[in-house]
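Structure record follows, encoded as structure tokens.
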Amino acid sequence: MISVTEALSQLFALVTPLEAETVPLQDASGRVLRQDAVARRDQPPFTASAMDGYAVAGDTAPGTSFEVIGEAAAGHAFDGAVGAGQAVRIFTGAPAPQGTTRIVIQEDVTRDGDTITVQDAPDTATYLRPRGGDFAIGTRLEAPRRLSPTDIALLAAMNVPRVQVTRKPRVALISTGDELVMPGGTPAPDQIIVSNTFGLKAMIDALGAEARILPIARDTRSSLRAVFDLARGADLIVTIGGASVGDHDLVGAVAAEMGMDRSFYKVAMRPGKPLMAGRLGNAAMVGLPGNPVSAMVCGQVFLRPMIDGYLGLPLAPVATRPARLAVDLPAGSPREHYMRAVLDGDRITPLSRQDSSLLTVLSQANALLVQPPRSPAMPAGTEVRCIPF
Ligand code: AMP
Ligand code: MG
């Protein structure tokens, strides 16, 4: 049995970044940028007004008057300059005319015909947004980076209509077991519904990969082999279940027959001990345990960083953050324990039922409390590490 850290480093050895492709900006959210994007203009491209009011030059003490000589609106610049004693009616987003020293907001003046007079206690901000104040031509959004909706807005403002992103990793998900029926199907009395396969697909797709749910493999060599054949073309093949040492656990044997070069089998963790991995043709293969919570936890701990690696992001374990135990925690086992827990601010409470089949418990949890192997009992208040999700 190897440690989680060792398992991760062996998994990372199976992963290389995939090639890049060009996509239009409207399809780029959640994708990983592979080439720096460079601003093709200054933003704002001119000194702009931040408010509705008057662009003026010079002193704006209460009682000062200005003659209004024109108007500037967004998309309609004033063709001229403001000099001493002059003002230009201006609206948010309009270019400030040459000579403008500040915008006096409309609430701070009284207007009589073409004359405005500054009232008592005017606001003192200039309300000018300088040219290039947001970004200047040449500003870079650096790769690699998973693009957020905000990044998309920034790229659009930079006038970057297409970006180079990593192609989506293709992940094939193989459920195994005679007891399994697809959601919506009609289970026999001794059958259950496939669950974690769908949870894993949701997790993998949210990371920017493309998971395909293959037909359920039955607990026979021929059925498993047939479904493995359907996984051809995938970058990552993930099997679920059938990885223990029971009579019906055939994944390891069939994968070996099909030429899998095994990296490891069994990891010192709870849940998720019967985890296997290796190389199968051009793909990496990961065999996850079948218990729903085990599969989802292993997805968080192992598949998430692998997918980041395929996408060209740095190869690194999932980030943990500190939290303080809200309750006493008994001593741990020799295996690293990923406890389903509720994180509230910086206080973390492990849920009372930790059986690896309980999806309701996982769904109540918003973090995994990572209890290192052989950790001593810890009183409430002790700092621990956790993986929020
Ligand atoms: P196994 O690893 O095949 O021994 O499966 C362990 C447990 O997980 C058994 O109770 C299975 O019925 C269950 N299981 C296996 N695969 C799935 C799946 N895709 N969805 C839900 N439960 C599963
Ligand atoms: Mg099984």
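Read the figures in this text as sums done on the coordinates, not as results from a lab. Treat the numbers as computed from the prediction; the structure is a model and nothing was measured. No Cβ is skipped: glycine too gets one built from the backbone with ideal geometry, and neighbour counts run over all protein chains shown.
Specify the angular offset, from 0 to 90 degrees and rounded to the nearest 10, of the alpha carbon long axis of helix 196-206 from the longest principal axis of the alpha carbons in the chain. The helix 196-206 is inclined about 30 degrees to the chain.
Restricting the chymotrypsin sites (Phe, Trp or Tyr not before Pro) of the stretch 290-362 to loop positions (DSSP other than H, G, I, E, B) with no more than 13 neighbouring Cβ atoms within 10 Å leaves nothing.
Here's the picture: a label point sits 7 Å out from the Cα of Met1 along the beta-carbon direction, and within the stretch 332-353 the residues with their amide nitrogen under 19 Å of it are 332-340. Each residue of the stretch 346-352 is assigned a 3J(HN,Hα), and the resulting list reads 10, 9, 10, 10, x, 6, 6 Hz, derived from the Karplus form 6.51 cos²θ - 1.76 cosθ + 1.60 (θ = phi - 60°), x at Gly and Pro. Per-residue extension of 0.36 nm, minus the Cα-Cα distance of Ala77 and Arg111, leaves a gain of 10.1 nm for this segment.
Taking a ≥ b ≥ c as the square roots of the Cα gyration tensor eigenvalues, with a/c under 1.5 meaning rounded and otherwise prolate when a/b beats b/c, else oblate, which class fits the stretch 321-388? The shape class here is oblate. Spin-label pair Phe91-Asp190: with each label point 7 Å from Cα along the Cα-Cβ axis, the two points sit 7.6 nm from one another. Taking amide H atoms as placed 1.01 Å from N in the peptide plane, the amide H of Leu351 lies under 5 Å from those of Arg340, Ala341, Val342, each 5 or more residues away in sequence or on another chain. For the stretch 127-142, putting each phi into the Karplus relation 6.51 cos²θ - 1.76 cosθ + 1.60 with θ = phi - 60° gives couplings of 6, 10, 9, x, 3, x, x, 8, 8, 10, 3, x, 4, 10, 9, 8 Hz, in residue order, rounded to whole numbers and with x for Gly and Pro.
Remark on Gly70: its backbone amide H falls under 5 Å from those of Arg89, a criterion applied only to residues 5 or more positions apart or on other chains, H modelled at 1.01 Å from N. Put simply, the amide H of Gly290, placed in the peptide plane, has neighbours under 5 Å in Gly241, Gly242, Ala243, leaving out anything fewer than 5 places away on its chain. Summary of the geometry: the stretch 288-336 and the stretch 217-242, compared by the centres of their Cα atoms, lie 25 Å apart.
What does the helix-only formula give at 222 nm for the chain: each DSSP H stretch with n ≥ 4 adding -39500 (n - 2.57), the total divided by the residues, and the result rounded to the nearest 500 deg cm²/dmol?
Computed ellipticity for the chain at 222 nm equals -4500 deg cm²/dmol.
On the beta carbon distance between Leu230 and Glu383, with R0 = 41 Å, the FRET formula returns roughly 0.30. Model label points for Ala153 and Glu67, set 7 angstrom from Cα along the Cα-to-Cβ axis, are 4.3 nm apart. Chymotrypsin sites (Phe, Trp or Tyr not before Pro), restricted to the stretch 39-137: which are DSSP loop and have at most 15 other Cβ atoms within 10 Å? Those satisfying the criteria are Phe46. Figure the gain on full extension for Val181 and Val327 (residue separation times 0.36 nm, minus the Cα-Cα span) and round it to one decimal in nm. Taking 0.36 nm per residue and subtracting the Cα distance, the gain is 48.6 nm. Select from Leu154, Leu33, Leu315 the residue whose mean-square fluctuation is largest in a Gaussian network model of the chain (Cα-Cα springs shorter than 10 Å). With Cα springs under 10 Å in the chain, the top fluctuation among Leu154, Leu33, Leu315 is at Leu154.
Find, to one decimal place in angstroms, the Kirkwood hydrodynamic radius of the stretch 260-389, where the mean of 1/r is taken over every pair of different Cα atoms and then inverted.
Taking every pair of different Cα atoms in the stretch 260-389, averaging 1/r and inverting gives 15.5 Å.
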